[in-house]
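Encoded as structure tokens, the structure appears first; notes follow it.
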Amino acid sequence: MHQEDESHHIVWMKTALCLAQKALEQQEVPVGCLIVNKDRIIGTGGNEVNRTKNATRHAEIIAIEEVRDLCRRECLVERDVFSTSILYVTVEPCAMCAGALRQMGLPLVVYGCDNDRFGGCGSVIDVASNPALTDSLGPCFDTIKGIFSNEAVDLLKNFYKGENPNAPNSKRKLKVVEGQESNHK
Amino acid sequence: MTAKARLEAVLADKFIQNVDTCDVFIANIADKKQTSRIMRQLSELCPLEKLQHLKRIRASTEKGMPLQIVVHKPIGPDSYQAVLEIVKTVEGLGKPYLAKVPSTPPLTRLQYNEAVKYWPVNFHEDKEIASMISGKYFTDPELLEIKQFMKMAIKLAHAGKTRDQIPIGAVVVNPISKEIIAEAYDLRQAGYALQHAVMVAVDLVAHSQGGGMWNFDEIFCELRHLKRSATENTESSSEYLCTGYDLYVTQEPCVMCSMALVHSRIGRVFYGSSNSGGALGSSYKVHCQSGFNHHFLVFKGCLQEQTDKLYDDS
């Protein structure tokens, strides 16, 4: 990696961290993501799972859809734009997002910390570089990891310290509610 | 009957893999009457540790031969000496020698039958897994219902095809209330590469809960989701993503869709045709991948004769 590249990556990862912070303030999982094309941010995203009640609304997917909107507005060829862009995200993309990024044709993903729960770039499974998936998902993508890893982890820790407001109640809680049903209107 | 014959549980590799073996030192017991004392001494001197599934003693296969007992698992190049030392302190044991034993507990009858060819083992059969393997997991009425829902998915695949889409259909069902929550088909050919049938279905489920992200073109009029009144929606706030729901889909989901189902906490998945890029049995087993925080049951081959026809020419 050229030194110039690295300083670029650091600048963009800082922006991604700001987006993660914003997601945290909106009680979403604090992951921040941006897609950069020729030194221009063409799409950003934060997790929107709780707001949309759709568990696939990860930061990467939101950013991809912003890029698609921009391509439509500016009459750009989507394929060409994605294939010359870099995606920055604070946490390793999950196996779903890794599959999505391959299909969109992104060549490079730069991320902060590993994702031991869902990681699709090697932490749990390696969707990013599995050559057997090329026929169905398109080419593999490269990854650079570890930039602002600690900061990304800290944001996640902050989130999981509080409770995810949309996560299902524990069984114990449900039982109490059932038992008191007559008192509830 | 055909559905019964074809529906196959996609089990984790640990249930279908061959029996792995490892070498251990064993020794003969010359005098049977000393067995219980030797057992006691050995269990203190060298517990079986990770080999708890082994029965410590076996009667030799040949008539008139002495009992054999597992002494110790070899650790390194010097372990014969170490084992020899142990054997010396236990009266009534013959010279230690190496034997192959199963290295992990058997999880299925088939593995058990294989394992005991090496050494006697304990076996606690998992009734649920056993019934899945034998194909008796579902009752006939259940199979009939499964077939009905898969037929709906096939219909949706055909509907998609008439709208110039890849013929993959998906139905999300609440198996308790039998309500159809979402009816979807693949929309990739409409311009967005990520709108696979499962991704569309997951978003339609979100719509049924007052969320959702994508607005679908009216041309695709067969796409549907359960509509509840506002009061119903607040009352049924215990709904969370796809928790407890079943998905019927004509083709094995890819890794993106399979992971979307993990995130959505789907209950069970039934699919028809396998797909080399699929991630619920073919290229991965995302539904039982250790590390992921949600696992679910997957059955493949559901009305496969019919779903295969959808993909014959591709």
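Things worth noting here:
- Residues that are of a type in the set (Lys, Arg) and in contact with a helix residue (DSSP H, G or I) (Cβ under 9 Å, 6 or more places away or on another chain) within the range A:62-85 comprise A:Arg68, A:Arg72, A:Arg79, listed in sequence order.
- Residue in the range B:93-105 that is within 24 Å of the chain's Cα centre (by Cα), surrounded by 12 or more Cβ atoms within 10 Å (Cβ to Cβ) and of a type in the set (S, T, N, Q) present: yes
- Residue check for B:Gly211: open to solvent by less than 30 Å² (accessible area, probe 1.4 Å), at pLDDT below 95, among the small types (Gly, Ala, Ser) and more than 23 Å from A:Gly105 (Cα to Cα): yes
- Criterion (within 13 Å of another protein chain (Cβ to nearest Cβ) and of a type outside the set (Gly, Ala, Ser)) met by exactly one of A:Cys33, A:Cys18, A:Cys97: A:Cys97
- So A:Glu178, is it within 14 Å of chain B (Cβ to nearest Cβ), at pLDDT below 95 and part of a loop (DSSP other than H, G, I, E, B): no
- Residues being in contact with a Lys or Arg (Cβ under 7 Å, 6 or more places away or on another chain) and either β-branched (Val, Ile, Thr) or open to solvent by 20 Å² or more (accessible area, probe 1.4 Å) (or both) - total across the range B:167-186: 1
- Scanning the range B:140-166 for residues that are open to solvent by 60 Å² or more (accessible area, probe 1.4 Å) and of a type in the set (Val, Ile, Thr) returns a single hit, B:Thr162.
- Consider the range B:277-301 and keep the residues that are under 12 Å from B:Val10 (Cα atoms) and touching a Leu at 6+ places or on another chain (Cβ under 8 Å). The one that is most open to solvent (accessible area, probe 1.4 Å) is B:Lys300.
- Selection of first residues in the range A:104-132 that are within 8 Å of another protein chain (Cβ to nearest Cβ) and of a type in the set (Lys, Arg) and of second residues that are surrounded by fewer than 22 Cβ atoms within 10 Å (Cβ to Cβ) and part of a strand (DSSP E or B), restricted to Cβ pairs under 9 Å at least 6 apart or on distinct chains, gives the following pairs, ordered by first then second residue: A:Arg117/B:Phe292.
The values are calculated or read from the model by the stated rules, or taken from the named source; none is laboratory data. Nothing here was measured: the structure is a model prediction, and the numbers come from that model. Cβ atoms come from the backbone with ideal geometry, glycine included; neighbour counts cover every protein chain shown. Surface areas here come from the heavy atoms of the whole protein model, side chains and all, with no ligands, DNA or RNA. Shrake-Rupley method; radii C 1.70, N 1.55, O 1.52, S 1.80 Å.
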